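Engineer: First the structure, then my questions, so here it is.
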Amino acid sequence: MAAQEQAPALANPGPLGLVGFGLTTVLLSLINAGLLPAGGEPVVIPLALAYGGLIQLIAGLLEYRTGNTFGLVAFLSFGAFWWWFALMLLMGDNGLLDLSEAGSTIGIALILWGVFTFYMWIATFKLNKALWFVFLTLWVTFFLLGIGAAASMPTLHMLGGYLGIVCGGSAMYTSFGEVTNATFGRPVIPLGAR
């Protein structure tokens, strides 16, 4: 009887999706926190489409191949979030959408993203602590930004920006840890295994 060929090992697409999310989140959050000028948003738009959006969509589709439901839902959803955000800004800046009175609706949309992220955070209770922290800071960030926009409270928006920096940075750290640990074939970067 012929020996069965083993299927090649599949790479983990999670670190790719995490860094696409994290890097884009840090850049936008620096603007939301007031550490970079609001006029820098046009720099975020192509990054949101290409790295925050497209790369996460690709990572989500690759998660399907690995059988990771959590990764599939997270990366496809947040990839779509970045496309929504970038398209909204592009259309608003080019007069295709009138966003002048949309603050409360944008705020509610961000709160709904917070609700989605909250239930994804519950699922991270079975994953490593680094992912748990990414999703904890993300759902709180969405609520701060959403309430800040819906209630016209710039201080909450700014706090959401600062927490978004922490969230995006922790996503980049988690990506770094997963790539490094896979490369070394052993835990080198602590991720807080459960």
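Nothing in this text is a laboratory measurement; each read-out follows from the coordinates by a stated rule. As the structure is a computational prediction, the values presented were derived from the model and not from experiment. We place every Cβ from the backbone using ideal geometry, glycine too, and count neighbours over all the protein chains shown.
Engineer: Sorting MET153, MET120 on the 10 Å Cβ count, fewest up front, what's the list?
Structural biologist: In increasing order of surrounding Cβ atoms, one gets MET153, MET120.
Engineer: Mean Kyte-Doolittle hydropathy of 0.5 or higher plus an axial Cα length of 24 Å or more: which whole DSSP H helices in the chain meet both?
Structural biologist: Counting only whole DSSP H runs, the qualifying helices are 14-32, 69-93, 103-123, 129-150, 154-184.
Engineer: Over region 52-129, one equal point on each Cα, no solvent: what is log10 I(q)/I(0) by the Debye formula at q = 0.12, 0.14, 0.17, 0.27 Å⁻¹?
Structural biologist: Taken in order of the listed q values, log10 I(q)/I(0) reads -0.44, -0.57, -0.76, -1.22.
Engineer: Comparing GLY103, GLY161, GLY53, which has the greatest mean-square fluctuation in the GNM of the chain with Cα pairs linked when under 10 Å apart?
Structural biologist: GLY103
Engineer: Between ILE122 and ILE189, with labels modelled 7 Å along Cα→Cβ, what's the label distance in nm to one decimal, could you check?
Structural biologist: Taking the two extended label points, one gets 3.0 nm.
Engineer: Right, here's the next one. Within a 10 angstrom radius of the beta carbon, how do TYR173, TYR64 rank from fewest other beta carbons to most?
Structural biologist: TYR64, TYR173
Engineer: Output the direction-averaged projected area (hull surface divided by four) of the convex hull of the alpha-carbon atoms of the chain, in nm².
Structural biologist: So the Cα hull casts an average projection of 12.9 nm².
Engineer: Could you bin all the Cα-Cα distances of region 46-89 into 5 Å bins starting at 0 and give me the percent of pairs in each, rounded to whole numbers?
Structural biologist: 6, 32, 29, 17, 11, 5, 1
Engineer: How would VAL134, VAL188, VAL166 line up from fewest to most surrounding beta-carbon atoms within 10 angstrom?
Structural biologist: Ordered from fewest to most neighbouring Cβ atoms within 10 Å, VAL134, VAL188, VAL166 come out as VAL188, VAL166, VAL134.
Engineer: So, in nm, how far is label LEU96 from label PHE70 when the simple model puts each one 7 Å beyond its Cα toward the Cβ?
Structural biologist: Using points 7 Å along Cα→Cβ, the separation is 3.6 nm.
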